[in-house]
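So the structure is just underneath, and the comments pick up after that.
The values are calculated or read from the model by the stated rules, or taken from the named source; none is laboratory data. The shown structure was predicted, so the numbers you read here are calculated from the model rather than taken from an experiment. Please note: Cβ atoms are built from the backbone with ideal geometry, for glycine as well, and neighbour counts cover all protein chains shown.
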Amino acid sequence: MAKTDQLRCVHCGKTVNETTKDHVFPDSWYPETTSDDTQRWTVPSCSGCNNRLGSIEKKVFSRLALCIDPRKAEAAGLSAKVMRSLGIGIEGLGAEEAEHRRKQKLGLIAAIKPHEPAASASILPGLGSHAGFKDEELPQVRIPADLLHTVADKIVRGCEYSLSGRIVEKPYSIQIYFVHDHNVPDGVTRALKSSGAEKAHLGPGFSVIRVAARDAAESVLYKITLWGTLAFHAVILSSDETTSCHGT
């Protein structure tokens, strides 16, 4: 990694006079079961991207964390963090901060709906039913797709920089896929289990599998799992490869 890359934003690619440290997996997303010696990847980011993405991460986290079984060690303390972020059980907040958290709480409440069987087709991989509960007893939390994809893209960019020192930029782009295991193509599953797969575990909360193509090392496949529950796939491809894939 060139020294100049440390002054480039991983997200927008711009060179700036000074970068901030952006956590690949937001610091607040780590469960309470994370040990003190766990690696917490950070990457260089301009302040604009860091602030913009940080705001989106908070919205996505408050929704995702409520969908994860709180009894899992990989998710310990997440729901309590959401409650605190909304000002629930917190005393001594200033008027402005209290109002900000009140609006966040109202936004989250609006995203929680009664169970709708017809909505099962849009349930994210790994989420859904909880042991010991009937589906109709569980509410549904709506997560805006654009915000979810933005956070997933941000995580992949951070993983790629952390594992290879690379900033993803044209002609390469990232494509995100939220696909249930039974719909993942066999070739993808084999690649993720191959000897060439690079694996990283950042405590109990996050696991990353990265596979580079043998004949094109900059074309990369990822599987990223959050809290031992929600998994998504991503590919980094050049524009030529993307056109080829869409045309077949």
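A compact table of results
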item: Residue list for region 66-90, filter: without any contact (Cβ under 8 Å) to a residue 60 or more places away in the chain, touching a Leu at 6+ places or on another chain (Cβ under 9 Å) and farther than 14 Å from residue 109 by Cα; result: 70, 79
item: Of the criteria (1) in the same structural domain as residue 223 (by TED's automatic domain parsing); (2) within 30 Å of residue 7 (Cα to Cα), which one residue 155 fails; result: (1)
item: Subset of region 110-135 (residues that are assigned to a helix (DSSP H, G or I) and either over 24 Å from residue 232 (Cα atoms) or out of contact with any strand residue (DSSP E or B) (no Cβ under 7 Å at 6 or more places or on another chain) (or both)); result: 110, 117, 118, 120, 121, 122, 135
item: Number of the condition not met by residue 61 [criteria: (1) in contact with a strand residue (DSSP E or B) (Cβ under 8 Å, 6 or more places away or on another chain); (2) assigned to a helix (DSSP H, G or I); (3) closer than 23 Å to residue 126 by Cβ]; result: (1)
item: Neighbours by Cβ (under 8 Å, 6+ apart or cross-chain): first from region 96-122, under 12 Å from residue 63 (Cα atoms) and not assigned by TED's automatic domain parsing to the domain that holds residue 83; second β-branched (Val, Ile, Thr) and at pLDDT below 90; result: none
item: Every residue from region 43-64 that is in contact (Cβ under 8 Å) with a residue 24 or more places away in the chain and farther than 12 Å from residue 11 by Cα; result: 54, 56, 57, 58, 59, 60, 61, 62, 63, 64
